Structures are given as C-alpha cells and as structure tokens.
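The block underneath contains the structure these notes are about, expressed in structure tokens.
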Amino acid sequence: MKRIPPIHALVAFEAAVRLGGFAQAAAELCVTPSAVSHRIRQLEEHLGTKLFERTPSGVRLTTAGHMYVESVREAFGKLAWASGGAAPVIKLRVSVPPTFARQMLIPRLPDFYRQWPEVELEIHLSIPLQDVTAETADVEIRWGYGGYGDSRAVKLFDDQATPLATPDYKAGLAMKEPRDIRQATLLRTPLMPWRPWFEAAGLDWPEPERGPLYNDVGMLLEGAAGGQGVALAISRVATAWTDTGRLVPLFDVQAPWPLAYYVVPSARQAGRPEVAAFVDWLVETFA
C-alpha cells in the first residue's frame, strides 16, 4: 500500500490553491505563511514533484499542481460525504457590468454550474464609468479597449453597433438614409459614443451635446424602448430588445466597435483552477 501524504500538508496545499497564495492559506489555517510553505515543500518531497513555481512576485501552480489539486479535492469531497457532510464549496467572486450581467451572463450560468457544481459564484455589479469593481474580485468582466495593468485581459467577442428605435418612432420620422438621423433625438452614454457610427455612415459630425444621458447601456436601451429617441448599441447586448421587436435598426449601416467586453482574472488568483475554468467557459460561451 502506498504511503499517504500528511493530511496537514494536503490541507495547506488545497487552501493555498483555492485562496491564491501561502499568506491567505496561513490566515485561514491560523498558522504562519512559513508553516504553509514548509507543509507544501513536505508534500512536494513526498510526491517527488514541484506543485508550485516560486517567483519574486508570488507562487504559481505547475502543470503537476493543476492535476494534483483536482485529485486532492475529489478525495476531500469523498471524505466529507462519507463523514455525513457536504462536498466543500469553492467560492469565486466575479465583478460584472450591470447590462452584461443581466442580459448575457446570468441567463447562461446554469451551463457553468452543470460543469462546475462545486463552484459557487458571487456576482457583484461594477460601474465601468467610475472604474468601480468588487475590491476582492477573483475575475472581472470589463468594457473597454483592453490593457489592464499586470492582469491578462481576454476579449470575449467583437461586435458591431447600429442605431435602434421603436418601430413607431422609426415610422414617425421616415428616415431613408443615415444623415436623416439628424431629425431624431439621440440618446447618449459615454459607454457608446456616436462618433464611430457617424464615421462608418460617412458623416463628419461631432459627438452630440444634447439628448438624454445615461451611464448604463441597459437604461439607454430601455429609454429608446420607451420612445425617448434613438439608442446606439452593439448587437449582442441589444438582443433582448431586438428579438422581441421592441427596438429595430434604423439603417443597414453597422460600425465595427472599438470597445469590447474583456474577462480579466486577478493576477493573484489566476493560478486557481476554478478561475481558469471560469475564464475558459466565458471565452467558449461567447466565442
């Protein structure tokens, strides 16, 4: 019979992976970071392989570590079940802009939970214009141009934008070509500036200075659906409004959009298997 690794070393290893570092694991286990480091080295010596790469900026799971932690969690889960308890829950804190959360992420989450039933997501709304996110988010979804410091940002999809209004609003203005949009009330948000669409339509116009102003794309689209004017939106975000016919495109002109949604894992948490799994799932889901 093979010798079983010390349980305290396995516990330290699982905690370090789940929490993203030795210091965090030490705080949970009420020991010092050096004690956690010692236990994990003891485990590595027992297995004869490195589970973490030690770098000046912290630790990162090796390929062997990624594979081994799944076996450890499976073993812990079986022990918990055999002891009359439930399998351990892995929490993942996600920061998401409100419209993306409501219209795109939450309806698709059952698929993620089917694949990762042990992961419990905590969804927190961010405010893109004020750069407000959950302070301890493991993963952020951000709207912008990419490039977020040391974190690896992965674009979820490219899209195109077009002006939308209610069928009645469109019929009431009888617009035949893009320049006729000057008759309309243009709804505004800094998240979706009009200039890129003007340029795609061949209009050398400045950014509108008048018209209702919103700081959320969902509110912008609801304003248009209420007959307040014309909203500019990318097609995948506007699906809930266009599929039901509440909003319709005014013209065939679409502008390739320079901004996009990016998934940005925390640099400190990127080594956690569940973080990588959630990022991969998002990319596959929205590809």
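Within the stretch 232-239, is even one residue of a type in the set (A, V, I, L, M, F, W, C), in contact with a Pro (Cβ under 8 Å, 6 or more places away or on another chain) and within 18 Å of Ile141 (Cα to Cα)? No, the stretch 232-239 contains no residue that is of a type in the set (A, V, I, L, M, F, W, C), in contact with a Pro (Cβ under 8 Å, 6 or more places away or on another chain) and within 18 Å of Ile141 (Cα to Cα). In the stretch 159-204, the qualifying residues are those that are over 21 Å from Pro128 (Cβ atoms), assigned to a loop (DSSP other than H, G, I, E, B) and among the aliphatic types (A, V, I, L, M), and the one that is modelled with the lowest pLDDT is Ala174. Looking at (1) at pLDDT below 95; (2) in a helix (DSSP H, G or I), can you tell me which one Met219 breaks? Failed condition: (1).
Note on the stretch 32-45: residues that are in contact (Cβ under 8 Å) with a residue 12 or more places away in the chain and not small (Gly, Ala, Ser) amount to 5. Counting the residues of the stretch 193-225 that are out of contact with any Lys or Arg (no Cβ under 9 Å at 6 or more places or on another chain) and touching a residue at least 60 places away in the same chain (Cβ under 8 Å) gives 4. One residue alone among Lys170, Lys176 is surrounded by 19 or more Cβ atoms within 10 Å (Cβ to Cβ), in the same structural domain as Ala238 (by TED's automatic domain parsing), within 16 Å of Pro249 (Cα to Cα) and not acidic (Asp, Glu), and that residue is Lys170.
Among the residues of the stretch 46-63, are any of a type in the set (A, V, I, L, M), farther than 20 Å from Ala277 by Cα and in contact (Cβ under 8 Å) with a residue 12 or more places away in the chain? The answer is yes; a qualifying residue exists.
Being surrounded by fewer than 20 Cβ atoms within 10 Å (Cβ to Cβ) and either without any contact (Cβ under 8 Å) to a residue 40 or more places away in the chain or not in a loop (DSSP other than H, G, I, E, B) (or both) is the filter here, so list the residues in the stretch 233-251 that pass it. Scanning the stretch 233-251 gives Thr239, Ala240, Thr242, Asp243, Thr244, Val248, Pro249. Checking the stretch 2-9 against the condition returns no match, with no residue being over 25 Å from Asp138 (Cα atoms), at pLDDT 85 or above, out of contact with any helix residue (DSSP H, G or I) (no Cβ under 8 Å at 6 or more places or on another chain) and of a type in the set (Lys, Arg).
If I ask for residues that are charged (D, E, K, R) and either modelled with pLDDT under 75 or not in a helix (DSSP H, G or I) (or both), which ones from the stretch 83-133 would you list? Residues satisfying the conditions are Lys91, Arg93, Glu118, Glu120, Glu122, Asp131. Restricted to the stretch 34-59, and to residues there that are of a type in the set (Lys, Arg) and touching a helix residue (DSSP H, G or I) at 6+ places or on another chain (Cβ under 6 Å), the residue that is surrounded by the fewest Cβ atoms within 10 Å (Cβ to Cβ) is Lys50.
Scanning the stretch 43-58 for residues that are of a type outside the set (Lys, Arg) and not in a strand (DSSP E or B) yields Leu43, Glu44, Glu45, His46, Leu47, Gly48, Thr49, Leu51, Pro56, Ser57.
The values are calculated or read from the model by the stated rules, or taken from the named source; none is laboratory data. What you see is a predicted model, and the numbers here were worked out from it, not measured in a lab. Please note: Cβ atoms are built from the backbone with ideal geometry, for glycine as well, and neighbour counts cover all protein chains shown.
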